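Take a look at the structure below.
The values are calculated or read from the model by the stated rules, or taken from the named source; none is laboratory data. Worth saying up front: this structure is predicted, and the values here are computed from it rather than measured. Cβ coordinates were reconstructed from backbone atoms using ideal geometry, including for glycine residues, and neighbour counts include every protein chain displayed.
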């Protein structure tokens, strides 16, 4: 679901999984941008709009949109309609034994997730991020490329941890917060906050989701 740049990364992961012997086989994209319909990316066609899903034979879907709120809304609607969700896990990601990963999540190349961690539904673990031991990563979260999460970190629902940021051990990033690129989170981040800098400080509080 989606055919933009992020969706093409997801498609590549699914193709890599297929080539590595996984049973998953992507068949195409759906996107509401009329300029994309009929085009192909990575050899997979844009088959139509999101609303046309029911007319296309399929077994599962994955919402391939980077914006957390939009991804949550589409995931929720599809879930309520009975859709099943695939997990896109790149063959060159390292996931420790026993780690729980929720449906619809995307795990990119170079990602490392260490023992005891729990990854929620519809989560993005982007390129080469690291999630250390006993992390709790909530639903609809996006952990951007190159992020490092220390041990026993909690990232609550819908939060975005920006490119190259670091979250120190045993810290919490509140729901629907944004951690700026390159920031160092040394203290807990309140819900719906935007934090930046080293160490990270609150830039503003968001008044809505």
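Whether any residue in segment 97-104 is surrounded by 20 or more Cβ atoms within 10 Å (Cβ to Cβ), without any contact (Cβ under 8 Å) to a residue 40 or more places away in the chain, assigned to a loop (DSSP other than H, G, I, E, B) and assigned by TED's automatic domain parsing to the domain that holds residue 160 is what I want to check. Can you show your working first?
First, pick out the residues of segment 97-104 that are surrounded by 20 or more Cβ atoms within 10 Å (Cβ to Cβ): 101, 104.
Okay, now just the ones that are also without any contact (Cβ under 8 Å) to a residue 40 or more places away in the chain, so 101.
So of that shortlist, the ones also assigned to a loop (DSSP other than H, G, I, E, B) come out as none.
No, that holds for no residue.
Hey, residue 146 hits all of (1) under 18 Å from the mean Cα position of the chain (by Cα); (2) more than 18 Å from residue 90 (Cβ to Cβ) but one; which does it fall short on?
(2)
For the subset of segment 6-42 comprising residues that are touching a helix residue (DSSP H, G or I) at 6+ places or on another chain (Cβ under 8 Å), assigned to a loop (DSSP other than H, G, I, E, B) and in contact (Cβ under 8 Å) with a residue 12 or more places away in the chain, which member is surrounded by the most Cβ atoms within 10 Å (Cβ to Cβ)?
Our first condition is that a residue be touching a helix residue (DSSP H, G or I) at 6+ places or on another chain (Cβ under 8 Å); within segment 6-42, this holds for 24-26, 29-32, 41-42.
Next, only the ones that are assigned to a loop (DSSP other than H, G, I, E, B) stay: 24-26, 31-32, 42.
Still in the running and in contact (Cβ under 8 Å) with a residue 12 or more places away in the chain: 24, 26, 31-32, 42.
Working: 24: 17, 26: 20, 31: 22, 32: 14, 42: 13.
Filtering segment 6-42 for residues that are touching a helix residue (DSSP H, G or I) at 6+ places or on another chain (Cβ under 8 Å), assigned to a loop (DSSP other than H, G, I, E, B) and in contact (Cβ under 8 Å) with a residue 12 or more places away in the chain, the one surrounded by the most Cβ atoms within 10 Å (Cβ to Cβ) comes out as 31.
For segment 190-199, name all the residues that are free of Cβ contacts under 8 Å to residues at least 24 places away in the same chain and either in contact with a strand residue (DSSP E or B) (Cβ under 7 Å, 6 or more places away or on another chain) or under 12 Å from residue 159 (Cβ atoms) (or both).
Those that are free of Cβ contacts under 8 Å to residues at least 24 places away in the same chain and either in contact with a strand residue (DSSP E or B) (Cβ under 7 Å, 6 or more places away or on another chain) or under 12 Å from residue 159 (Cβ atoms) (or both): 190, 192, 193, 194, 195, 196, 198, 199.
Would you say residue 155 is crowded, with 24+ Cβ neighbours inside 10 Å and either modelled with pLDDT of 95 or more or under 24 Å from residue 106 (Cα atoms) (or both)? Don't jump to the end; show me each part of the working.
On the way: crowded, with 24+ Cβ neighbours inside 10 Å: yes; either modelled with pLDDT of 95 or more or under 24 Å from residue 106 (Cα atoms) (or both): yes.
Considered against the rule, which asks whether it is crowded, with 24+ Cβ neighbours inside 10 Å and either modelled with pLDDT of 95 or more or under 24 Å from residue 106 (Cα atoms) (or both), residue 155 comes out as yes.
So which residues in segment 117-134 are assigned to a loop (DSSP other than H, G, I, E, B) and either under 21 Å from residue 175 (Cα atoms) or not assigned by TED's automatic domain parsing to the domain that holds residue 161 (or both), if there are any at all?
Narrowing segment 117-134 to residues assigned to a loop (DSSP other than H, G, I, E, B): 117, 120-123, 126-129, 132-134.
If the condition is that a residue be assigned to a loop (DSSP other than H, G, I, E, B) and either under 21 Å from residue 175 (Cα atoms) or not assigned by TED's automatic domain parsing to the domain that holds residue 161 (or both), then 117, 120, 121, 122, 123, 126, 129, 132, 133, 134 are the ones that fit.
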